[in-house]
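> Here it is: the structure, laid out below.
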Ligand SMILES: O=P(O)(O)OC[C@H]1O[C@H](O[C@H]2O[C@H](CO)[C@@H](O)[C@H](O)[C@H]2O)[C@H](O)[C@@H](O)[C@@H]1O
């Protein structure tokens, strides 16, 4: 079969539909993320399967029945991997979120290197690989997503199952000095090099990975100077590439100009008395730099007191991993900081920080994006950060300013038209916001048009095509290099 027409099998921790227990009853909720939007049509057209965890650990739930109806409507098969509560604790909350997540975001002091987590991670990866082996054939292309499932190709090989495999890491890949802290570092490298294609968000991530491989296998060589290179380690030859993920630009852009959302946007601006809106939208996670951002707003009001009463900082924090102690502590820290800053600067009729800790409906999120004059996207580290791209897609007025962390993957692509900042530099962020506040309309438009053009052309469909084409192409010269961030000397 022609390589590009093979059946696609997507493997990820979460399925595109999740089982949720609401008031004692289990229901199926379709996922709304960009990955689902992009992959669903490919799976439908070529025929395909999505393999993942259902989200339910209760053995009495009729998982297949519930997901069967979703599958029939979606037009592709879903196969679940059933996990016990203990497995979810060790593999997902433990190894994935308390070891790999902080380490790969350069926050090694937050890691809990528990050997029990590692063992459960391997057991669960083996369980996934068994399902992949069972439901796929030699002609299929198996595309594995993210750090939860780095051992898929390795276990398939150990079972003697030959499959063409690709892996995409959605989070950053750290530099060797950080990666080497991982007690199971060699095992992870050994597992990753078993994929035929290993994809990253940025060139920097790809190069960090290759440097780590070289630490263990000094004879490792690379060939190519574009986004995708061929890596040879003696026993193995595989590809490693940079594929910056994106969003469905048109979906966001169309929503932002829909009449009811235009009304919502106007009402939001009216409620905030048409002051300039500075917006932050994040999952509540310590990698997102929310406390630092609130402190930067405090610095802004101290250094530029003339902005008092003229701006509103709106921070939306979407609840996440609420059972984990560190996330509870972070929530308390943010509550406290918001209270402090508001206590320090508010006066009758004005509070500087509007803080919303909740899940927003897509329509409300788009209205916030469309209403915001400045988006403050300042993660301490981020694989890509799709909020940056969603903001641009929704900025139909083409008058907004994107202030973006140098440490978000998105910075490499957006640096020419965004205002890049170091999120740890509170004074620098405050200066950037002040400049953006005073920025001339013509300049703002020029920057936003540049950003929108880029996200429009490099959208999520472009991303899927690039990854799949690069997996099969005979000419890697077809994939031009992806930019790297240029740090300013400040
Ligand atoms: O909530 P989880 O299931 O634990 O997943 C964590 C987050 O994963 C996704 O973010 C990552 O992928 C994005 C798209 O490639 C990337 O922009 C981001 O930097 C990565 O962290 C997902 O988008 C989040 O909603 C999940 O919460």
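> Regarding residue 96, is this residue assigned to a strand (DSSP E or B), within 25 Å of residue 381 (Cα to Cα) and touching a residue at least 40 places away in the same chain (Cβ under 8 Å)? Steps first, answer last, please.
Numbers: assigned to a strand (DSSP E or B): no; within 25 Å of residue 381 (Cα to Cα): yes; touching a residue at least 40 places away in the same chain (Cβ under 8 Å): yes.
Here the answer is no, as residue 96 does not meet what is asked.
> Between residues in the stretch 141-153 that are more than 13 Å from residue 48 (Cα to Cα) and residues that are in a loop (DSSP other than H, G, I, E, B) and within 13 Å of the ligand (Cβ to nearest atom), which pairs lie under 7 Å by C-beta distance while being six or more apart or on different chains?
145/170; 146/169; 146/170; 147/169; 147/171
> Do we have residue 14 as under 26 Å from the mean Cα position of the chain (by Cα), within 15 Å of the ligand (Cβ to nearest atom) and either modelled with pLDDT of 85 or more or crowded, with 20+ Cβ neighbours inside 10 Å (or both) here?
It is true that residue 14 is under 26 Å from the mean Cα position of the chain (by Cα), within 15 Å of the ligand (Cβ to nearest atom) and either modelled with pLDDT of 85 or more or crowded, with 20+ Cβ neighbours inside 10 Å (or both).
> May I pose another question? State whether one or more residues within the stretch 366-380 are surrounded by fewer than 24 Cβ atoms within 10 Å (Cβ to Cβ), over 28 Å from residue 264 (Cα atoms), touching a helix residue (DSSP H, G or I) at 6+ places or on another chain (Cβ under 7 Å) and at pLDDT 95 or above.
Yes, there is a match, as at least one residue in the stretch 366-380 is surrounded by fewer than 24 Cβ atoms within 10 Å (Cβ to Cβ), over 28 Å from residue 264 (Cα atoms), touching a helix residue (DSSP H, G or I) at 6+ places or on another chain (Cβ under 7 Å) and at pLDDT 95 or above.
> Hey, among the residues in the stretch 103-113 that are part of a helix (DSSP H, G or I) and touching a residue at least 12 places away in the same chain (Cβ under 8 Å), which one's farthest from the ligand (Cβ to nearest atom)? Let's see the steps before the verdict.
Step one: of the stretch 103-113, the residues part of a helix (DSSP H, G or I) are 103-104, 108-110.
Narrowing the set further to residues that are touching a residue at least 12 places away in the same chain (Cβ under 8 Å) leaves 103-104, 108, 110.
Numbers: 103: 14, 104: 9, 108: 17, 110: 15 Å.
Applying the filter and picking the extreme gives 108.
> Which is surrounded by fewer than 21 Cβ atoms within 10 Å (Cβ to Cβ) and touching a strand residue (DSSP E or B) at 6+ places or on another chain (Cβ under 6 Å), of 70, 93?
Sole residue among the options that is surrounded by fewer than 21 Cβ atoms within 10 Å (Cβ to Cβ) and touching a strand residue (DSSP E or B) at 6+ places or on another chain (Cβ under 6 Å): 70.
> Of these, 204, 190, which one is touching a residue at least 40 places away in the same chain (Cβ under 8 Å) and in contact with a helix residue (DSSP H, G or I) (Cβ under 9 Å, 6 or more places away or on another chain)?
Answer to the selection: 204.
> Taking the condition over 20 Å from residue 15 (Cβ atoms), more than 15 Å from the ligand (Cβ to nearest atom) and part of a helix (DSSP H, G or I), does residue 116 pass? I'd like the intermediate steps shown before the answer.
On the way: over 20 Å from residue 15 (Cβ atoms): yes; more than 15 Å from the ligand (Cβ to nearest atom): yes; part of a helix (DSSP H, G or I): yes.
Considered against the rule, which asks whether it is over 20 Å from residue 15 (Cβ atoms), more than 15 Å from the ligand (Cβ to nearest atom) and part of a helix (DSSP H, G or I), residue 116 comes out as yes.
Residue by residue, here is whether (1) closer than 30 Å to residue 137 by Cα; (2) modelled with pLDDT of 90 or more holds:
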| site | (1), (2) |
| --- | --- |
| 2 | yes, no |
| 18 | yes, no |
| 36 | yes, no |
| 54 | yes, no |
| 61 | yes, no |
| 73 | yes, no |
| 76 | yes, yes |
| 110 | no, yes |
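> Take the conditions in a helix (DSSP H, G or I) and within 18 Å of the chain's Cα centre (by Cα) and apply them to residue 433. Does it pass? Before the answer, list the steps.
Working: in a helix (DSSP H, G or I): yes; within 18 Å of the chain's Cα centre (by Cα): no.
No.
> Search the stretch 405-443 for residues being out of contact with any strand residue (DSSP E or B) (no Cβ under 9 Å at 6 or more places or on another chain) and under 13 Å from residue 278 (Cβ atoms), and hand back the single one that is surrounded by the fewest Cβ atoms within 10 Å (Cβ to Cβ).
Among those residues, the one meeting the criterion is 434.
> Tell me, which strands (runs of 3 or more DSSP E) lie completely within the stretch 1-80 with 2 or more residues that are without any contact (Cβ under 8 Å) to a residue 60 or more places away in the chain?
Values: elements: 8-14, 17-22, 25-30, 48-53.
Ranges flagged: 17-22, 25-30, 48-53.
> Within the group 307, 300, which residue is over 23 Å from residue 392 (Cβ atoms) and in contact with a helix residue (DSSP H, G or I) (Cβ under 7 Å, 6 or more places away or on another chain)?
Details: 300 fails: over 23 Å from residue 392 (Cβ atoms).
Just a single option satisfies the conditions, and that option is 307.
> Looking only at residues in the stretch 202-219 that are over 20 Å from the mean Cα position of the chain (by Cα) and either in a loop (DSSP other than H, G, I, E, B) or within 16 Å of the ligand (Cβ to nearest atom) (or both), which one is surrounded by the most Cβ atoms within 10 Å (Cβ to Cβ)? Spell out how you get there, then give the answer.
Filtering the stretch 202-219 for residues over 20 Å from the mean Cα position of the chain (by Cα) gives 210-219.
With the extra rule that they be either in a loop (DSSP other than H, G, I, E, B) or within 16 Å of the ligand (Cβ to nearest atom) (or both), the set shrinks to 217-219.
Values: 217: 19, 218: 8, 219: 8.
Among those residues, the one meeting the criterion is 217.
The values are calculated or read from the model by the stated rules, or taken from the named source; none is laboratory data. Note that the structure is a prediction, hence the values are computed from the model and not measured. When we count neighbours, we look across all protein chains shown, and the Cβ atoms used for this are built from the backbone with ideal geometry, even at glycine.
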